[in-house]
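See below for the structure under consideration.
The values are calculated or read from the model by the stated rules, or taken from the named source; none is laboratory data. Bear in mind the structure is a predicted one, so any value in this text is a computation, not a measurement. Please note: Cβ atoms are built from the backbone with ideal geometry, for glycine as well, and neighbour counts cover all protein chains shown.
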Amino acid sequence: MSDITLNINGETRTASVPPETTLLKLLRDYLNLAGAKLGCDVGDCGACTVIVDGQAVNSCLMLAGQADGRDVITIEGLATRDNFHPIQQAFENNGALQCGFCGPGVILAAKALLDENDDPDVATIRDALAGNLCRCTGYTKMIEAVQVAAGELRAEAPQQLSHAKSEAAS
Amino acid sequence: MQAFELLTANNSRHAVELLAANGPAVKTLAGGTDLMADFKSDTHGINALIDISRAEDLRGISLTDDRLRIGSLVTHSEIMAEPVIRDNFPALVDAAHTIGAVQTRNLGTIGGNLMTCIPSMDSGPTLIALDAMVTIAGVDGSRQIPLADMFLAPRKTALRYDELLVDIVIPTRNIGKPTAFLKFGLRKGQALALVNVAASLWVDEETNSFRDPAISLGAVAPKVIRAPTAEKYLAGRAITDEAMAEAGRLAVDDAKPISDFRASADYRRELIAVLTRRALAKAFELFTTRQKENSA
């Protein structure tokens, strides 16, 4: 068995799993975090996308042992009790999801992009979402939603900056 | 997935010790984007994986003594973001960008891509067109061979089971050599190459002719190959559109494409001619762009 300790959505979690357990299986079957979806299970569809140490990865292709000690963000880590994350809100407002199965992966792929680039053009968004298959939407509304979310996050950012400045000053 | 043991290597030395100590039914695990996908259906009798993803000495890109070293564990995303590579070899950035999707490129490594040894790999042609060498380590020491000699057949490399690919080195003489990579797939994202091509060339400025032209082709033979007939034709010849087009036609005969469910052999032959011509033109364009930048 592999003993795994990792930080998931800001919380330290531990589990003891067989060595061949993927990060996806660890999340879903051992830690009751079923937001990441099991789609193709071979890294084509992106439904299992989570963010590991700041990067979007297919959790079906990463062994739990390889994620040991790392920081993982899953879809469960985005919304607060009262509010959706701006990307989730933009997806809802724009009708960017239909059946929703691909949603957690798409939204986390979008988050990984926007964490790096707060004003991506359409080609950049398409590139960032190329690993997430959606059989309902045709992607257009998703891409619009990511652009809306980018605007929201940019509008929020100056406040955070001024907050950081006042902290630095004090 | 079928059960297997997972052993974590702290560095390359530790990795080769683990490989040697655990017998032939072991395999090295890096980013896992190829290996894990394969293991979901069959682990092929492998009973232990040596996880090298934490071996820090296999990371890093460095330009030292004018040679470029890329650690085998460098991810495709890291190649795309690395200024040394962007400045010297934009073709490597282009090649990395065509591999899988963001999620694949964040996990997948250049060493892993080469070790798959599949003919359509996108990391191969550019490196082969730059005469890259690879360092292979075993418990008794390491050896360096041309990357071209590491590929034996589909999914078969020159490495013994207890050896490890440590790094890829582009030799001094080819640092900054204008190089281009082009791939034709059926979609923009997540598509395997029907054909991919890399071309590199120096320019003899007095005669405006090709010096050391190199053309490498993927997905058109059992392994990534060079196109010697086309290269020989270009060497010393004046740089013209016609010469590039003729090199493209000659490159077709250097290849042995097959028909499969992605494309027919005839279609691949057409692609070889067109992509070779375009890759040569793009490499030459890079040369002229750099020359303008230097004189400005």
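Please state which one of A:Ile107, A:Ile73, A:Ile8 is modelled with pLDDT of 95 or more, within 14 Å of chain B (Cβ to nearest Cβ) and touching a strand residue (DSSP E or B) at 6+ places or on another chain (Cβ under 6 Å). First the steps, then the outcome.
Numbers: A:Ile107 fails: touching a strand residue (DSSP E or B) at 6+ places or on another chain (Cβ under 6 Å); A:Ile8 fails: within 14 Å of chain B (Cβ to nearest Cβ).
Of the residues listed, the single one that is modelled with pLDDT of 95 or more, within 14 Å of chain B (Cβ to nearest Cβ) and touching a strand residue (DSSP E or B) at 6+ places or on another chain (Cβ under 6 Å) is A:Ile73.
Does B:Ser259 meet the test of being at pLDDT 95 or above, closer than 22 Å to B:Arg155 by Cα, of a type in the set (Ser, Thr, Tyr) and in a loop (DSSP other than H, G, I, E, B)? Step through it out loud before you land on a result.
Working: at pLDDT 95 or above: yes; closer than 22 Å to B:Arg155 by Cα: yes; of a type in the set (Ser, Thr, Tyr): yes; in a loop (DSSP other than H, G, I, E, B): yes.
When the stated conditions are applied, B:Ser259 passes them.
Go through region A:2-65 and tell me which strands (runs of 3 or more DSSP E), entirely inside it, have 3 or more residues that are under 17 Å from A:Pro104 (Cα atoms).
On the way: elements: A:2-8, A:11-17, A:49-52, A:55-58.
Those strands (runs of 3 or more DSSP E) span A:49-52, A:55-58.
So A:Leu27 fits all but one of (1) within 12 Å of chain B (Cβ to nearest Cβ); (2) buried (at least 17 other Cβ atoms within 10 Å of the Cβ); (3) among the hydrophobic types (A, V, I, L, M, F, W, C); (4) under 30 Å from B:Ile46 (Cβ atoms); what number is the exception?
Tallying (1) within 12 Å of chain B (Cβ to nearest Cβ); (2) buried (at least 17 other Cβ atoms within 10 Å of the Cβ); (3) among the hydrophobic types (A, V, I, L, M, F, W, C); (4) under 30 Å from B:Ile46 (Cβ atoms), A:Leu27 fails exactly one: (1).
If B:Ile272 passes every condition in (1) over 30 Å from A:Cys134 (Cβ atoms); (2) in contact (Cβ under 8 Å) with a residue 12 or more places away in the chain; (3) loosely packed, with under 14 Cβ neighbours inside 10 Å but one, which one does it miss?
(3)
Which residues, counting only those in region B:63-78, are in contact (Cβ under 8 Å) with a residue 12 or more places away in the chain, away from chain A (no Cβ under 13 Å), outside any loop (DSSP other than H, G, I, E, B) and more than 23 Å from B:Thr289 (Cβ to Cβ)?
Quick first cut of region B:63-78, residues in contact (Cβ under 8 Å) with a residue 12 or more places away in the chain only: B:63, B:65-78.
Imposing the further condition that a residue be away from chain A (no Cβ under 13 Å) reduces the set to B:63, B:65-72, B:74.
When the remaining residues are screened for being outside any loop (DSSP other than H, G, I, E, B), the result is B:63, B:67-71.
Of everything in region B:63-78, those that are in contact (Cβ under 8 Å) with a residue 12 or more places away in the chain, away from chain A (no Cβ under 13 Å), outside any loop (DSSP other than H, G, I, E, B) and more than 23 Å from B:Thr289 (Cβ to Cβ) turn out to be B:Arg67, B:Arg69, B:Ile70, B:Gly71.
Scan region B:196-236 for residues that are of a type in the set (Asp, Glu) and outside any loop (DSSP other than H, G, I, E, B) and jot them down.
Taking region B:196-236 and keeping what is of a type in the set (Asp, Glu), we get B:204-206, B:212, B:231.
Result: B:Asp204, B:Asp212, B:Glu231.
Can you find a residue that is touching a strand residue (DSSP E or B) at 6+ places or on another chain (Cβ under 8 Å) and part of a loop (DSSP other than H, G, I, E, B) anywhere in region B:273-287?
No, that holds for no residue.
Anything in region B:130-144 that is closer than 23 Å to B:Leu92 by Cα and touching a strand residue (DSSP E or B) at 6+ places or on another chain (Cβ under 6 Å)? List them, or say none. Outline the logic, then answer.
Taking region B:130-144 first, the residues closer than 23 Å to B:Leu92 by Cα are B:130-136, B:144.
Within region B:130-144, B:Leu130, B:Ala132, B:Met133, B:Val134, B:Thr135, B:Ile136, B:Gln144 qualify.
Scanning region A:123-163 for residues that are within 13 Å of chain B (Cβ to nearest Cβ) and either basic (Lys, Arg) or outside any loop (DSSP other than H, G, I, E, B) (or both), which turns out farthest from the chain's Cα centre (by Cα)?
A:Ala123
Within region A:58-70, can one find any residue that is of a type in the set (D, E, K, R) and either in contact (Cβ under 8 Å) with a residue 40 or more places away in the chain or touching a Phe, Trp or Tyr at 6+ places or on another chain (Cβ under 8 Å) (or both)? Full working, then the answer.
In the first step, residues of region A:58-70 are kept if they are of a type in the set (D, E, K, R); the result is A:68, A:70.
After this cut, where a residue has to be either in contact (Cβ under 8 Å) with a residue 40 or more places away in the chain or touching a Phe, Trp or Tyr at 6+ places or on another chain (Cβ under 8 Å) (or both) as well, the list is A:68, A:70.
Checked against the condition, which is being of a type in the set (D, E, K, R) and either in contact (Cβ under 8 Å) with a residue 40 or more places away in the chain or touching a Phe, Trp or Tyr at 6+ places or on another chain (Cβ under 8 Å) (or both), region A:58-70 yields at least one hit.
Looking at region B:1-17 only, could you name the residues that are within 14 Å of chain A (Cβ to nearest Cβ) and either out of contact with any strand residue (DSSP E or B) (no Cβ under 9 Å at 6 or more places or on another chain) or outside any loop (DSSP other than H, G, I, E, B) (or both)?
Step one: filter region B:1-17 for residues within 14 Å of chain A (Cβ to nearest Cβ), giving B:1-10.
Correct list: B:Gln2, B:Ala3, B:Glu5, B:Leu6, B:Leu7, B:Thr8, B:Asn10.
Do we find a residue being within 10 Å of another protein chain (Cβ to nearest Cβ), part of a helix (DSSP H, G or I) and either closer than 17 Å to A:Pro18 by Cα or in contact with a Lys or Arg (Cβ under 7 Å, 6 or more places away or on another chain) (or both) anywhere in region B:38-58?
Looking through region B:38-58, at least one residue is within 10 Å of another protein chain (Cβ to nearest Cβ), part of a helix (DSSP H, G or I) and either closer than 17 Å to A:Pro18 by Cα or in contact with a Lys or Arg (Cβ under 7 Å, 6 or more places away or on another chain) (or both).
Any residue that is among the aliphatic types (A, V, I, L, M) and either in contact with a His (Cβ under 6 Å, 6 or more places away or on another chain) or touching a residue at least 24 places away in the same chain (Cβ under 8 Å) (or both) - is there at least one of those in region B:53-60? Steps first, answer last, please.
Initial filter on region B:53-60 (among the aliphatic types (A, V, I, L, M)): B:55, B:58.
From what's left, either in contact with a His (Cβ under 6 Å, 6 or more places away or on another chain) or touching a residue at least 24 places away in the same chain (Cβ under 8 Å) (or both): B:55, B:58.
Yes, the conditions are met somewhere in region B:53-60.
Would you tally the residues in region A:30-59 being in contact with a Ser or Thr (Cβ under 6 Å, 6 or more places away or on another chain), away from every other protein chain (no Cβ under 12 Å) and within 24 Å of B:Thr43 (Cα to Cα)?
0
Considering only region A:68-79, how many residues are surrounded by fewer than 24 Cβ atoms within 10 Å (Cβ to Cβ) and either over 10 Å from the mean Cα position of the chain (by Cα) or assigned to a strand (DSSP E or B) (or both)?
6
Is it the case that B:Arg143 is within 30 Å of B:Asn294 (Cβ to Cβ), out of contact with any helix residue (DSSP H, G or I) (no Cβ under 9 Å at 6 or more places or on another chain) and modelled with pLDDT of 95 or more? Walk me through it before giving the result.
On the way: within 30 Å of B:Asn294 (Cβ to Cβ): no; out of contact with any helix residue (DSSP H, G or I) (no Cβ under 9 Å at 6 or more places or on another chain): yes; modelled with pLDDT of 95 or more: yes.
No; evaluated as a whole, the condition is false for this residue.
Rundown of residues vs (1) surrounded by fewer than 16 Cβ atoms within 10 Å (Cβ to Cβ); (2) within 14 Å of another protein chain (Cβ to nearest Cβ), yes/no style:
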site	(1), (2)
B:Ile61	no, no
B:Met80	no, yes
B:Gly112	no, yes
B:Ile128	no, no
B:Asp131	no, no
B:Ala148	no, no
B:Leu152	yes, no
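Suppose the filter is surrounded by fewer than 24 Cβ atoms within 10 Å (Cβ to Cβ), under 15 Å from the mean Cα position of the chain (by Cα), assigned by TED's automatic domain parsing to the domain that holds A:Thr12 and not aliphatic (A, V, I, L, M); does A:Gly35 pass it?
Working: surrounded by fewer than 24 Cβ atoms within 10 Å (Cβ to Cβ): yes; under 15 Å from the mean Cα position of the chain (by Cα): yes; assigned by TED's automatic domain parsing to the domain that holds A:Thr12: yes; not aliphatic (A, V, I, L, M): yes.
It is true that A:Gly35 is surrounded by fewer than 24 Cβ atoms within 10 Å (Cβ to Cβ), under 15 Å from the mean Cα position of the chain (by Cα), assigned by TED's automatic domain parsing to the domain that holds A:Thr12 and not aliphatic (A, V, I, L, M).
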